[in-house]
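Right, one structure below, let's go through it.
The values are calculated or read from the model by the stated rules, or taken from the named source; none is laboratory data. Because the structure is a prediction, the values reported are computed rather than measured. No Cβ is skipped: glycine too gets one built from the backbone with ideal geometry, and neighbour counts run over all protein chains shown.
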Amino acid sequence: MPNETPEPTFVVRFVGENIRPEKVPLRAVSDALSAVQDMASARDPFTMPHVPPEKSIGLLNVTRGSAQYFCVARAPDEAKHNLLQVAAVLSDSNPSQSDVLIGSLSAIDTLSQVARSFKGRVEIVLLNNGNQSLIFTISEGDYKRVSKALLLKGETTVVGKVERVGGVTGMRCLMKLPDRQRVLYCDVKTRALVRRLGQHLYEDIAAKGTAVWLHRSWRLLKFTIQDFSQPRLGDGKKALETLRGAGLNAWDNIADPAAEIEEMRQ
C-alpha cells in the first residue's frame, strides 16, 4: 500500500507584487524556512545549535500565486502552539520582554530581511483539515518594532579566537568566545582591518568595537570590530608592585606571590 501524503501543518507565503516561486531567490526561501522552523520548534539559537530531528519541518509542496511553501511538522501540535505564541507577541503593539520574544528575535530579524529583499511580506498560515488561518505577517519594519525595547548598544572589548576572516562580502570575521557555544559572526569596519585580522587566524585577540546586547540576559547579538590588539600577560613582579602601590598589602602574606600568579594563569 503506497504511503499517503501527510497533511501540511502550515504555509509560508511570500506576498508581493508579481511574486512567483521562480522569482524568489533560493537563499531567501532557505533563510525564511529555517527561521520559521526555529519559531515552530521554539529553538533558542543561543543554547540549541540545531533543531532536534523529532521537531524538524519538511517542505511538502510549492504552489504558484503568492509563492506558497507548504510545510509539514513532525510534531504538528507543538509547532502550531509555538507559532501561535509568536503570533501573540507580534500582535502586541508594545511587546514585553518575554522568553518567546527573546527566543524568536533572530528568526524575526531574518524574516524581516527576507521581506525587505523582495519588497513584500512573509505570511504564516496554519492549516487544519483544509482550512487556512493566517496567524501572523512579518514585513520589513517588524524586527525594529519588536526589538527596540530589548536591545542595548554600546562600545566594548571582546576577547576571543579568530576562526575565519572574509567571505562573500569580505567584511566579516568569525570569533570563538570562551563563554559562548556558537561562533560570533562579526562585521568588520574596514577592508584594511580584514587584512590585519587575516594575519592572526586561530589566534586570540582583544577586539574593540560596537556591540548590541539583549537587555535582560546580556546576550551578545551583534558586534562590529573597529580595531584589535593581542592580549599579553604582564610581568608578575611589576603587577605585584602595582597592587601594593594601590594599597593591597594582603599579597605580603603570601609566601611566593610570583608562583601564586603563575598558578592563576593556568
(message) Only one of LYS153, LYS144 is among the basic types (Lys, Arg) and assigned to a strand (DSSP E or B). Can you tell me which?
(response) LYS153
(request) Select, from ALA67, ALA40, the only residue that is of a type outside the set (Val, Ile, Thr) and at positive phi. (result) ALA67
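Rundown of residues vs (1) hydrophobic (A, V, I, L, M, F, W, C); (2) in a loop (DSSP other than H, G, I, E, B); (3) assigned by TED's automatic domain parsing to the domain that holds SER106, yes/no style:
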site	(1), (2), (3)
THR157	no, no, no
GLU163	no, no, no
CYS173	yes, no, no
TYR185	no, no, no
ALA192	yes, no, no
ARG195	no, no, no
LEU201	yes, yes, no
(request) Can you work out which of the residues in segment 206-225 that are exposed (fewer than 14 other Cβ atoms within 10 Å of the Cβ) and in contact (Cβ under 8 Å) with a residue 12 or more places away in the chain is nearest to LYS144 (Cα to Cα)? (result) HIS215
(request) Starting from segment 72-87, take each residue that is assigned to a helix (DSSP H, G or I) and list its partners that are among the charged types (D, E, K, R), counting only C-beta distances under 9 angstrom and pairs at least six apart or across chains. (result) PRO76/GLU7; GLU78/LYS55; ALA79/LYS55
(message) Take the conditions acidic (Asp, Glu) and under 20 Å from the mean Cα position of the chain (by Cα) and apply them to ASP77. Does it pass?
(response) no
(message) If the requirement is being without any contact (Cβ under 8 Å) to a residue 60 or more places away in the chain, closer than 28 Å to LEU101 by Cβ and among the charged types (D, E, K, R), which of these qualifies: LYS189, LYS176?
(response) LYS176
(request) Go through (1) out of contact with any Gly (no Cβ under 6 Å at 6 or more places or on another chain); (2) farther than 23 Å from SER133 by Cβ one by one and return the number of the condition ASP44 breaks. (result) (1)
(request) Kindly indicate whether any position in segment 93-100 is more than 22 Å from THR47 (Cα to Cα), exposed (fewer than 13 other Cβ atoms within 10 Å of the Cβ) and not assigned by TED's automatic domain parsing to the domain that holds ALA207. (result) yes
(request) Tell me which of these SER66 doesn't satisfy, since it passes every other one: (1) under 14 Å from the mean Cα position of the chain (by Cα); (2) over 15 Å from GLY103 (Cβ atoms); (3) part of a loop (DSSP other than H, G, I, E, B). (result) (1)
(message) I want to confirm something. Restricting to segment 8-50 and keeping residues that are part of a helix (DSSP H, G or I) and either outside the structural domain of ASP109 (by TED's automatic domain parsing) or of a type in the set (Ser, Thr, Tyr) (or both), which single residue is nearest to the chain's Cα centre (by Cα)?
(response) SER34
(message) If the requirement is being charged (D, E, K, R), closer than 18 Å to ASN128 by Cβ and not assigned by TED's automatic domain parsing to the domain that holds ALA115, which of these qualifies: GLU4, GLU78?
(response) GLU4
(request) Considering only segment 53-71, state which residues are in contact with a helix residue (DSSP H, G or I) (Cβ under 9 Å, 6 or more places away or on another chain) and either at pLDDT 85 or above or surrounded by 12 or more Cβ atoms within 10 Å (Cβ to Cβ) (or both). (result) LYS55, SER56, ILE57, LEU59, VAL62, THR63, ALA67, GLN68, TYR69, CYS71
